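The values are calculated or read from the model by the stated rules, or taken from the named source; none is laboratory data. Note that this is a predicted model, so its numbers are computed, not measured. Using ideal geometry, Cβ is built from the backbone for each residue, glycine included, and neighbour counts are taken over all protein chains shown. Heavy atoms of the whole protein, side chains included, go into the accessibility calculation; ligands, DNA and RNA do not. Shrake-Rupley method; radii C 1.70, N 1.55, O 1.52, S 1.80 Å.
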Amino acid sequence: MSHPCRPTFDPVLPARTIERLSARPERLIPKAKGPPGRPTWRESALALSLGCTTAAALALLLNPLVLPLSILLCLGTTAFVLGLVSYRNGTTDDWADLVMHSFWALPLSVVGVLGARVALDQVLGPLGTVLPGDPSLAALYLTAAIAGGGAIMHPGMAARLSAENHDRYVLPEDFGRPSSYATRREEPEAHLFARLQQATDRVEEGRRVLGDSFDATHTLPLLKEEEWRLAKELLRLRTLRRELLQRRKNAVSDQVTQALAPQNEAVTRAHKAISTRVDALAAYGERVHAAVTAHREWEQCQEIADRAGDYADLALNSGQDPVRTDELDSSLLSVQAAHTVREELVQEAVAAGSSLSDALHPRPRGPQQDEDPET
């Protein structure tokens, strides 16, 4: 079984948020890095808006501050340009790259700010005779306050969404090394979670391929809920298992090793319980995969049967012996057989999905149910 290959998200998250985060997995934060530090994105947007609004008021009311505020705006624009280049192209890997890019970003920002002020002076010129400050500079700061705060809180801001929902997704990196470097024994949780993801992916594929004949409106949300819940359990199990291995490795005596026996037993039982639930999901995924394979087999046989007449005409026109009727009919029989198998496997997959909820959430048996009915 391969290593987990995609993030798993809390199904409670809005679908649009999951779609945006799935499109930018490189922006997601692994658990090893810890939760994002402060300030939060909302606090950053509020601080930027308040700072720029204050600067706009100062530029409008205090003429001596126009020059330093203009310099500050040019430096802020330069920082924005450098951040945009780093975010879009990934060309600024260290501080040396930032310094090199600043040689063209700073002049460009100065020209842009001065050009915008000249253009605004043509519109806001009359206000300059009434107010002591510079209305065009104040307008630029107000624009920066609105645009900057809106950009930070933009719904599609993947970095902000990944930070705000740090505890609502699990990454493949959270389960350690890839399977090409880690065996099932070294990273058992990674392999169990890969089976979970495979089961969900197979049901997603079945919904796309089988269409209306396979209704996954109930089983697919159930699979996603189980994938998310078991992902958190597997991460916790992995942490405790690795701590236990380290304690056993550092044990200075047999007495210490024996003291770890109850913890080792708890880890073993938890792994067995999760494996049982994973087996139920994987078995359902295999049934759906078999139905998908049968469906594609039927489609391919249908394509062969549709082209049988063309191949018969080719043989007749080439002067060869005509193709016998029973040979042409064999393709139709293959289509019928493939369709029958397809229908049977789809029905089996649907029946398995109906009982999946009971298999994952068995009802507790009452005292009367535990007794032998013959007694």
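For a paramagnetic label modelled on Ala280 (point 7 Å from Cα along Cα→Cβ), amide N atoms under 16 Å away belong, within the range 192-206, to 196, 199-200.
So what is Rg over Rh here for the range 132-246, counting just Cα atoms and using Kirkwood for Rh?
So for the range 132-246, dividing Rg by the Kirkwood Rh gives 1.25.
Tell me, what is the per residue accessible area of the range 204-282 in Å², probe radius 1.4 Å? Mind showing how you got there, number by number?
Numbers: 4930 Å² over 79 residues.
Normalised by residue count, the accessible surface of the range 204-282 is 62 Å².
Projecting label points 7 angstrom from Cα along Cα→Cβ for Phe103 and Ser22 puts them 4.5 nm apart.
Enclosing the Cα atoms of the range 198-285 in their convex hull gives a volume equal to 82 cubic angstrom per residue. Spin-label model, Leu245/Arg42: points 7 Å from Cα along the beta carbon direction are separated by 4.0 nm.
When the Cα positions of Ala116, Ala151, Ala105 are compared along the charge dipole of the range 16-173, Ala151 comes out farthest toward the positive end, with charges on each C-beta of Lys, Arg, Asp and Glu. Charging the Cβ of each Asp and Glu at -1 and of each Lys and Arg at +1, and nothing else, the dipole of the range 106-227 about its Cα centre rounds to 320 debye.
Subtracting the Cα-Cα distance of Leu260 and Leu127 from their residue separation scaled by 0.36 nm leaves 40.0 nm. Modelled this way, with points 7 Å down the Cα-to-C-beta line, the labels at Lys232 and Ala337 are 5.1 nm from one another. Stretching Ile71 away from Glu164 to a fully extended chain increases their span by 30.1 nm, per 0.36 nm per residue minus the current alpha-carbon distance. Divide the volume of the convex hull around the Cα atoms of the range 22-148 by the residue count and you get 138 Å³ per residue. Restricting the range 180-233 to chymotrypsin sites (Phe, Trp or Tyr not before Pro) that sit in a DSSP loop and have at most 16 other Cβ atoms within 10 Å of their own Cβ leaves Tyr181. One decimal place: the segment Glu348-Thr217 gains 45.5 nm when fully extended, by the rule 0.36 nm per residue minus the C-alpha distance.
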